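A.B. asks: Starting off with a structure, shown below.
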Amino acid sequence: MPGSELFGAEERKEVNDVLETGMLFRYNHDAQRKGIWKAREFEEEAKKITGAKYAHAVCNGSAAIATALAASGVGAGDEVIVPPFTFIASVEAVLFVGAIPVFAEIDETLCLSADGIEKAITKNTKAVCLVHMCGGMADMDPIMQVINDYNLILVEDAGQAFSSSYKGTSTGLFGTAGSYSFDFFKIATAGEGGIVVTNDEEVYKLIDTYSDHGHNHVGAKRGMEQHPILGFNYRISELHAAVALAQTRKVPQIREINRRHKKALTEILSQTEGISFARIADADGDSSTFLNILLPDTESAKRTVDEFNKAGVAGFDYWFMNMYHFINQWDHLKNLQTAAKLPVEIFGSSQDYKNLYLPKTQEVIGRLISFGIRCTWTDEEVKNLANNISQCVKNVLSVAV
Ligand SMILES: *Cc1c(COP(=O)(O)O)cnc(C)c1O
């Protein structure tokens with residue numbers, strides 16, 4: 001979690017600017033705020049990094065994806081293709097805007113594949129919620145081909161892919177709208193925060209209004225502006241935006257260091273028989289927040305995890321067993337355990353979530369172990385980690401079962 005590793009004087013300065021005026025609210029109150037607009041500055045900084053025409057900060061990445069879906073016109077009863085490997089927020093967002101998730105296959109990019117999307121399309125498919133996983137990106141050229149061929153809406157959850165891109169275009173900007181998270185575990189953190197990006201002015205206006213009860217933010221007096229639509233409160237506070245601003249400024253530097261560490265790890269580990277890597281659709285666009293290694297099969301991956309634990313190798317995720325990120329552990333979804341009835345329970349789903357057949361996804365995630373790359377590592381630590389990983393894998397693969 002690189003952003004949080006570099007918390008320091010820059011973050012304190014931005015927060016103190018806000019504390020000095022006491023204006024914690026992002027809109028209006030022009031006289032009291034003495035020219036301090038942290039949410040706006042955070043949005044400008046995010047636009048610089050992503051190249052987005054429009055960016056709107058919200059309270060977290062889950063609210064950001066919900067807002068992106070709604071502003072893209074995805075709502076009650078719409079079928080939305082989603083990946084079975086993602087942080088659960090992407091699927092919850094689809095459910096809570098009233099839509100129906102349909103799970104499709106991922107591939108070695110760790111994201112939905114064009115083929116997986118195409119096979120999941122039905123006559124009711126309205127949109128695809130594409131998630132760019134583990135700091136990388138989906139393979140966009142073939143995916144855009146399918147999106148265009150079938151005239152689908154594309155919404156991107158780039159929650160963990162801020163600063164990643166594909167052939168020069170930032171993740172989040174291929175579809176109608178895209179979202180990023182700035183929670184504590186991301187490349188830049190606000191504590192809790194998110195941002196929605198788009199290149200479409202009309203979509204931006206919907207994002208801006210939807211995330212603040214429909215207020216259109218025209219005029220200088222809070223509460224007196226028009227409200228063209230109903231919305232909800234997904235606002236970010238100025239305190240969170242202040243932290244996000246300082247952190248976002250550090251992203252180019254963090255990314256540079258991450259890339260160097262990832263290159264060094266990859267160079268050493270590619271010498272070890274049995275280790276391969278998740279496919280990076282555009283190596284130049286990788287934010288390099290994760291090193292994603294693939295073992296020959298699920299069994300050897302599980303034994304490698306045991307070997308890591310024995311050897312004291314830390315800082316990895318085995319998503320196959322992870323409660324938050326992989327469908328195998330989502331019993332609450334499979335059984336539709338909800339606090340109160342959701343539209344999906346009325347419309348019904350064309351898929352039985354308890355009996356999904358996703359063999360490719362099971363194979364890829366079964367083999368995957370991800371290491372979070374830390375920008376504060378020394379070169380020595382990187383080398384030691386690579387050697388330890390390599391030794392553990394050798395131990396596992398040299399033992400016949
Ligand atoms: C972190 C994350 C989210 C949720 O973001 P929060 O800010 O924690 O609400 C959504 N999608 C993905 C892919 C994420 O990694």
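The values are calculated or read from the model by the stated rules, or taken from the named source; none is laboratory data. On a predicted model such as this, the values are computed, not experimentally measured, just so you know. Cβ coordinates were reconstructed from backbone atoms using ideal geometry, including for glycine residues, and neighbour counts include every protein chain displayed. Quick note on the areas: whole protein, heavy atoms, side chains included, nothing else; ligands and nucleic acids left out. Shrake-Rupley method; radii C 1.70, N 1.55, O 1.52, S 1.80 Å.
A.B. asks: GLN362 is checked against (1) more than 20 Å from THR86 (Cβ to Cβ); (2) surrounded by 13 or more Cβ atoms within 10 Å (Cβ to Cβ) and fails just one. What number does that condition carry?
C.D. replies: So the condition that GLN362 fails would be (1).
A.B. asks: If PRO296 satisfies every condition in (1) without any contact (Cβ under 8 Å) to a residue 40 or more places away in the chain; (2) closer than 15 Å to SER390 by Cα but one, which is the exception?
C.D. replies: (1)
A.B. asks: Looking only at segment 250-289, filter to residues that are among the acidic types (Asp, Glu) and surrounded by 16 or more Cβ atoms within 10 Å (Cβ to Cβ); which one of those is nearest to the chain's Cα centre (by Cα)?
C.D. replies: ASP286
A.B. asks: Quick check on segment 311-324. Is at least one of its residues over 23 Å from TRP377 (Cβ atoms), without any contact (Cβ under 8 Å) to a residue 60 or more places away in the chain and open to solvent by 40 Å² or more (accessible area, probe 1.4 Å)?
C.D. replies: Yes, some residue in segment 311-324 is over 23 Å from TRP377 (Cβ atoms), without any contact (Cβ under 8 Å) to a residue 60 or more places away in the chain and open to solvent by 40 Å² or more (accessible area, probe 1.4 Å).
A.B. asks: Have a look at ALA120, ALA104 and point out the one that is farther than 22 Å from GLN160 by Cβ and open to solvent by less than 30 Å² (accessible area, probe 1.4 Å).
C.D. replies: ALA120
A.B. asks: Sticking with this one: Determine which single condition MET133 fails, assuming it passes every other condition in (1) under 17 Å from the mean Cα position of the chain (by Cα); (2) buried (at least 23 other Cβ atoms within 10 Å of the Cβ); (3) farther than 23 Å from CYS59 by Cβ.
C.D. replies: Checking MET133 against (1) under 17 Å from the mean Cα position of the chain (by Cα); (2) buried (at least 23 other Cβ atoms within 10 Å of the Cβ); (3) farther than 23 Å from CYS59 by Cβ, the one that fails is (3).
A.B. asks: Please name all residue pairs, on different chains or six or more residues apart, with Cβ atoms under 8 Å, provided the first residue is in segment 248-266 and is assigned by TED's automatic domain parsing to the domain that holds PHE277 and the second residue is among the basic types (Lys, Arg) and assigned to a helix (DSSP H, G or I).
C.D. replies: From segment 248-266, the pairs are ALA264/LYS383.
A.B. asks: Next question. Taking segment 343-355 as the search range and keeping residues that are open to solvent by 50 Å² or more (accessible area, probe 1.4 Å) and touching a residue at least 40 places away in the same chain (Cβ under 8 Å), which one is nearest to THR125 (Cα to Cα)?
C.D. replies: Checked segment 343-355; the qualifying residue nearest to THR125 (Cα to Cα) is SER350.
A.B. asks: Tell me the residue from HIS261, HIS215, HIS240 that is in a loop (DSSP other than H, G, I, E, B), modelled with pLDDT of 95 or more and either out of contact with any strand residue (DSSP E or B) (no Cβ under 8 Å at 6 or more places or on another chain) or of a type outside the set (Ser, Thr, Tyr) (or both), please.
C.D. replies: On the way: HIS261 fails: in a loop (DSSP other than H, G, I, E, B); HIS240 fails: in a loop (DSSP other than H, G, I, E, B).
Just a single option satisfies the conditions, and that option is HIS215.
A.B. asks: For segment 142-193, which positions are in contact (Cβ under 8 Å) with a residue 60 or more places away in the chain, polar (S, T, N, Q) and more than 15 Å from ARG255 (Cβ to Cβ)?
C.D. replies: Residues satisfying the conditions are THR169, THR176, SER179, SER181.
A.B. asks: Restricting to segment 47-79, give me the number of residues that are within 18 Å of the chain's Cα centre (by Cα) and surrounded by fewer than 18 Cβ atoms within 10 Å (Cβ to Cβ).
C.D. replies: 2
A.B. asks: Might you let me know whether segment 149-168 holds any residue that is assigned by TED's automatic domain parsing to the domain that holds GLU43, over 19 Å from ALA241 (Cα atoms), among the aliphatic types (A, V, I, L, M) and more than 16 Å from the ligand (Cβ to nearest atom)?
C.D. replies: There is at least one residue in segment 149-168 that is assigned by TED's automatic domain parsing to the domain that holds GLU43, over 19 Å from ALA241 (Cα atoms), among the aliphatic types (A, V, I, L, M) and more than 16 Å from the ligand (Cβ to nearest atom).
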